[in-house]
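Worksheet: the structure to be examined is printed underneath.
The values are calculated or read from the model by the stated rules, or taken from the named source; none is laboratory data. Everything numeric in this text was worked out from a predicted model, so none of it was measured. Cβ placement follows ideal geometry from the backbone for every residue including glycine, while neighbour counts extend to all protein chains displayed. Side chains included, ligands, DNA and RNA excluded: accessible areas come from the protein's heavy atoms. Shrake-Rupley method; radii C 1.70, N 1.55, O 1.52, S 1.80 Å.
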Amino acid sequence: MSNNKLYQAVFDPRSIALIGASSDEKKNTSRPQRYLRRHGYTGKIIPVNPARAEIFGDKAWPDVTSIPDEVDHAFVMVPAKAVPEAVRQCVAKKIPVVTVYSDGFAETGAEGRVKQLELNEIIRGSNTRLVGPNCIGLMSTQTHLALSVNAVLEKLEITPGGLAIVSQSGSMMGGLMSRGLGRGVGFSKLISVGNEADLGVGELAGLLVDDPHTQAILLFMETIRDAPHLADAARRAYNVNKPVIVYKLGRSEVGQDLAASHTGAMAGTDEAVDAFFKAHAMLRVDTLEALFELPALVQGRKPNKKHRVAAMTTTGGGAACVVDRIGTYGVDVVGPSDALVATLAAKNITINKSRITDLTLAGAKKEIYGGVLNALLASDHCDLVLAVAGSSAQFQPQIAVEPLLEADRGDKALAVFLAPHAEASLKLLASAGVAGFRTPESCADSIRAWKEWKAPAAISALDVPRTTAAGKLLAGTSQKQLNEQQACAVFGALGVTQAQTAVMVDANAKVDIGYPVVAKILSPDIAHKTDAGGVVLNVADAAQLKKAAEDIYSRVKTKHPQAKLNGILVQRMERGLAEVIVGYKRDPQVGPLVVIGVGGVLAEIYHDFAMRLAPVTPEAAAQMIEEVKGLAVIRGYRGMTRGDCAALAQAVAAFSQLAAFDDIAEAEINPLIVKQENEGVVAVDGLIVRH
């Protein structure tokens, strides 16, 4: 089915079958028919109920099969056990879209998941697409489509506008609608996706990218079920200047399972989701208010390269509430430039060079507030103007609000926080397309999101010769977890330099590597060799090596009597300026990820790392190095000797090519030793775990 036909069937159907419609106004199943009429839907409404000849004046049919006319969209409200047959009839009638309101499917557990899979099998191979099950419905203001059981539609009038909402929470749809309307915004489309058995957030958001009535797409999410479609929709939305703004639950996941690698402990689900959103130019907000207040700040824009904020106010405390908070987000708040001070002085407006231009004592005058505002908007020393107004916003809007409405904003972002409760002024700002904020928290949250917003990340191509070579090595092993020698061989094939090594099959074996060396147990069953007593450093000669090997075998066999031991790995001791952990994991929601941080046995303790979707380019890897605070030691911090950051970036990019292998669950180099500039990097430990 083409996107145009799918869009029409979902949001602009000419005829709707209401399967399980009720004539009892007290029942939820009567609501869609009444709401469609109440909100002005002009298409054909076809109730389906074998016990009724007509419902609310519309002729009723006993089943879908008996409907003589074509149907664009079916809304299923029968009990769960009757849903499969209803969907079968819809498929037989070639109805393009079926929305299932009925619950009792995957949301209920294993038995419900089996029932839901049955629906997928019924529509497989047909041209019928399914929304839900467990879906509360949808709405389109342009076509007066109120196809929902949501009680808020009983009385609430939905104002048309440019915001579209796709929600994974049906119960929140009413709250989202009422909150948005209370902020003076209007909606183009609203849709609940239910369990996303077929059509999900990504594909539906993709339809909204092409919707001429939608200017921004808002997502209320609990999880990511279809990352490829969502990524495609977000990138297309970016290209047509439609911001995708996300409020996602799950910032704090309790009881996260620790994986075999440090990477698994560091890179939790929420960090992975964050990396996904950023890679595809989606803006994530932490406050529900910002979901509706941020769009006006970013609509029709592209991300800034610089993020300097100039703040002006008629209430020092009100401005401080926002500025203090954005300071914790690392936002640079700048004072006025000399040129701007001089420009205003020529107009008899005196300001100081404080980072907050406080006009409280200058007198409540429109010409002063407007003069400073327009000067800041025209100045090249800042990229966003934060304008804060005090009580005048409520009682004398002509002083601070009118200048905001009349200002020539040009290309400059403008965020307005009104300290008092000033609904009338906020609605004036909303009608003029000015981003107005009710709370300092949502204002700061939105400025943070604006600062973190980036263009979509470049998609790195796979290095086919290297991934082919690595694939041959992987094909030669069958165990779930590779030993260090096998893992490092794979990394070497991808282009990561390895330390010189040899293997002792027993404690008496001879090795030909220059001393000093490190001796390590070689086993696919022991992920953390140090914890197992399986590592001895600074071995100076052959006699010490024999003793080290004997001690390692003794300790490891005591702690891990069932572990398969492949021998002792002897490795030349390597030194450098810093130890870096480079990790990889395939996240179940967003797919392959690469992580870097400060290496060592306590890597996850510091929670100081950078993450990207894999594979990455060397340029993206270089940005990751800049983000890790602990790697300042190799970036030349305060005159320290610079490390070979270029070689590190190349190694990270090469390692991230593990994304070519679907069966690798996680992998890690810990540590990757970074030497002085132009001396390279070298991996001295490695781990690969398959699914």
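General remarks:
- Taken along the Cα-to-beta-carbon direction at a fixed 7 Å, the label points for residue 406 and residue 111 span 6.9 nm.
- Its relative contact order, with pairs defined as Cα atoms under 8 Å and 6+ residues apart, puts segment 332-489 at 15 percent.
- Protection proxy ranking, peptides 89-100, 61-72, 278-289, average beta carbon neighbours within 10 Å, highest first: 89-100, 278-289, 61-72
- Phi-derived couplings, Karplus 6.51 cos²θ - 1.76 cosθ + 1.60 at θ = phi - 60°, listed residue by residue for segment 620-637: 5, 5, 5, 5, 4, 4, 5, 7, 7, 4, x, 8, 4, 5, 10, 9, x, 4 Hz, with x used for Gly and Pro.
- Entries in 155/242; 81/242; 94/115 that, when Cα-Cα distance is taken, lie over 32 Å: 81/242
- Theoretical ellipticity at 222 nm over the chain - DSSP helices of four or more residues, -39500 (n - 2.57) apiece, nearest 500: -10000 deg cm²/dmol
- Beta bridges assigned by DSSP with both partners in segment 1-62 are antiparallel in approximately 25 percent of cases.
- Prolate/oblate/rounded label for the chain (Cα gyration tensor, a/c 1.5): oblate
- When peptides 346-353, 370-377 are sorted by average Cβ neighbour count within 10 Å, with the highest value leading, the order is 370-377, 346-353.
- Phi to ³J(HN,Hα) by Karplus 6.51 cos²θ - 1.76 cosθ + 1.60 over segment 163-171, Hz, x for Gly, Pro: 9, 10, 10, 10, 10, 7, 10, x, 5
- Amide N of segment 376-403 lying under 11 Å from the label point, which is placed 7 angstrom from the Cα of residue 423 along Cα→Cβ: none
- Among 654-662, 513-521, sorting by the average number of other beta carbon atoms lying within 10 angstrom of each residue, highest first, gives 654-662, 513-521.
- Relative contact order of the chain, defined on C-alpha pairs under 8 angstrom at six or more residues apart (%): 9 percent
- In this structure the amide hydrogen of residue 137, modeled in the peptide plane, comes within under 5 Å of the amide hydrogens of 192, none closer than 5 places in sequence on its chain.
- Once the 1.4 Å probe is applied to the protein heavy atoms, the chain comes out at 42 Å² accessible per residue.
- Compared with the dominant principal axis of the Cα atoms in the chain, helix 645-655 is inclined by about 80°.
- Residues residue 270 and residue 240, FRET efficiency given R0 of 30 Å [Cβ-Cβ distance, rounded to 0.05]: 0.55
- Over 30 Å between alpha carbons, listed pairs 305/629; 306/675; 189/248; 278/629: 306/675
- Eligible lysines near residue 366 by straight Cα distance, threshold 22 Å, same-chain separation 8 or greater: 347, 353, 412, 427
- Cross-link partners for residue 557 among the lysines, with Cα-Cα distance under 20 Å and sequence neighbours closer than 8 places in the same chain left out: 520, 529, 546, 547.
- Residues of segment 651-674 with amide N under 17 Å of the 7 Å Cα→Cβ point at residue 637: 674
- If R0 is taken as 22 Å, the Cβ-Cβ distance between residue 531 and residue 551 corresponds to a FRET efficiency of 0.90.
- Cβ-defined net charge surrounding residue 130, 10 Å radius [Lys, Arg +1; Asp, Glu -1]: -1
- Shown here for segment 1-35: trypsin sites (Lys or Arg not before Pro) in loop regions (DSSP other than H, G, I, E, B) with at most 10 other Cβ atoms within 10 Å, namely 26.
- Given a 1.4 Å probe and the protein chains as shown, residue 530 ends up with an accessible area of around 90 Å².
- Scanning residues 5 or more positions from residue 599 or on other chains, those with amide H under 5 Å from its amide H are 579, 580, 581, with H placed 1.01 Å from N in the peptide plane.
- Using a cutoff of 8 angstrom between alpha carbon atoms and counting only pairs six or more residues apart, the relative contact order for segment 422-576 works out to 23 percent.
- For segment 409-475 versus segment 525-583, the spacing of their alpha-carbon centroids is 47 Å.
- Extended-chain gain in nm, criterion 0.36 nm per residue less alpha-carbon gap, residue 210 and residue 513: 102.7 nm
- When a 1.4 Å probe is rolled over the protein heavy atoms, the share of accessible surface on segment 141-184 that falls to carbon and sulfur comes to 55 percent.
- The modelled label-to-label distance for the pair residue 455/residue 627, using points 7 Å beyond Cα in the direction of Cβ, is 1.8 nm.
- Per-residue surface analysis assigns residue 249 an accessible area of about 70 Å², computed on protein heavy atoms at 1.4 Å probe radius.
- Antiparallel bridges, percent of DSSP beta bridges restricted to the chain (to nearest 5): 50 percent
- Simple point charges give the picture: +1 on the Cβ of Lys and Arg, -1 on the Cβ of Asp and Glu, and for the chain a dipole about the Cα centre of about 500 debye.
- Extension gain for the segment residue 464 to residue 37, taken as residue separation times 0.36 nm less the Cα-Cα distance, is 147.9 nm to one decimal.
- Partner aspartates and glutamates for residue 480 [C-alpha distance under 16 Å; skip if fewer than 8 residues away on the same chain]: 525, 662, 663, 666, 668
- Computed E for residue 3/residue 498 - FRET, C-beta separation, R0 45 angstrom, nearest 0.05: 0.40
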